[in-house]
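The structure appears below as structure tokens.
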Amino acid sequence: MPYIDPLPRAASPEFEDVFQAMENALGYVPNSFFTMARHPAILKSAGALMDAFWYSDVVDEPTRRLVTFACSFFAGSHYSSAHCACGAEELGLPNEKILAIETFETAPVYDEREKAILRLCYNASNCPSEVEAQNMEGLKSRVGVDVTTFIVGLISCMAFLNRWNEMCGTTLEPVPRDYAETHLKQIGWELPEK
């Protein structure tokens, strides 16, 4: 049971085009959209922020999925980590990379660029952040300052979504829930009881 009840879809007709686009892309509308719809400016602003990261070609889709899954998983966001892992393989992120997340420093499935990204995700997931100059310098040396800036923004966007969904107690939809229960339990993913 959510901590904040989402609005019914019909209560936000001004966002029907957004809801329909999500349904077409994912097969469902994330419940977080219906909670954000309680304050239309939040949904509109969050949507614009997400669009800036999801529809950019600064990083490829597998990297985007690795970043979003990793920072959500490391932050303990069950909702967002399930969302980010679900469909990631179809978008080019091998399942082995999702399953090796807890041992990323030594896992041979990651190259040095990915390990630098994951180090940043891991350290940024703590509150307060444990990111250090060496994390930023290590990533900048591998991908450049512009891509590093984009990745920092993507992590920050996910931090908002992670907090939003955990604080609202957003109900995980059946598609990502089924995926997570089948594929992520082996790495400790578990949906908390509410």
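The values are calculated or read from the model by the stated rules, or taken from the named source; none is laboratory data. Keep in mind that what you see is a predicted model, and the values were worked out from it rather than measured. Neighbour counts run over all protein chains shown; Cβ positions are idealised from the backbone, glycine included. Quick note on the areas: whole protein, heavy atoms, side chains included, nothing else; ligands and nucleic acids left out. Shrake-Rupley method; radii C 1.70, N 1.55, O 1.52, S 1.80 Å.
The three principal axes of the C-alpha atoms in segment 1-54 carry coordinate ranges of 28, 22, 21 Å, sorted with the longest axis first.
By the Cβ distance rule of under 4.7 Å, the chain has these cysteines without a partner: Cys84, Cys86, Cys127, Cys157, Cys168. In the chain, Cα pairs under 8 Å separated by at least six residues give a relative contact order of 31 percent. Per-residue SASA remark: His78, around 50 Å² accessible (1.4 Å probe; ligands, DNA and RNA not included). Using the rule -39500 (n - 2.57) for each DSSP H run of four or more residues, divided by the residues of the chain, the 222 nm mean residue ellipticity is -19000 deg cm²/dmol. Of the residues Ala116, Ala11, Ala52, the one that moves most in a GNM of the chain with alpha-carbon contacts below 10 Å is Ala11.
What is the local net charge at Ser56, summed over the other residues whose Cβ is closer than 13 Å to its Cβ (Lys, Arg +1; Asp, Glu -1)?
Once positives and negatives cancel, what remains is -4.
How far is helix 112-124 tilted, in degrees, relative to the longest principal axis of the Cα atoms in the chain, given as a value from 0 to 90 rounded to the nearest 10? Result, in degrees: 60.
Highest mean packing first, where packing is the average number of other Cβ atoms within 10 Å per residue, the peptides 168-176, 118-126, 91-99 line up as 118-126, 168-176, 91-99. The mean of 1/r over all distinct Cα pairs in the chain, once inverted, gives the Kirkwood hydrodynamic radius of 17.2 Å.
Roughly to the nearest percent, how much of the accessible area of segment 88-188 is carbon and sulfur, given a 1.4 Å probe? Let's see the in-between values first.
Values: 2810 of 5220 Å².
C and S fraction of accessible area: 54 percent.
Taking amide H as placed 1.01 Å from N in the peptide plane, the amide H of Trp189 sits under 5 Å from none that are at least 5 places away or on another chain. The count of lysine pairs in the chain that are at least 8 places apart or cross chains, and whose C-alpha atoms lie under 24 Å apart, stands at 6. As a calculated quantity, the FRET efficiency between Ser129 and Ala21 at R0 = 35 Å, using C-beta atoms, amounts to about 0.60. Ranking of Met22, Met1, Met36 by solvent-accessible surface, largest first: Met1, Met22, Met36 (1.4 Å probe, protein heavy atoms only, all chains present).
Accessible surface computed residue by residue for the chain, with neighbouring protein chains in place and a 1.4 Å probe, gives 51 Å² per residue.
Phi-derived couplings, Karplus 6.51 cos²θ - 1.76 cosθ + 1.60 at θ = phi - 60°, listed residue by residue for segment 87-95: x, 5, 5, 5, 9, x, 9, x, 4 Hz, with x used for Gly and Pro.
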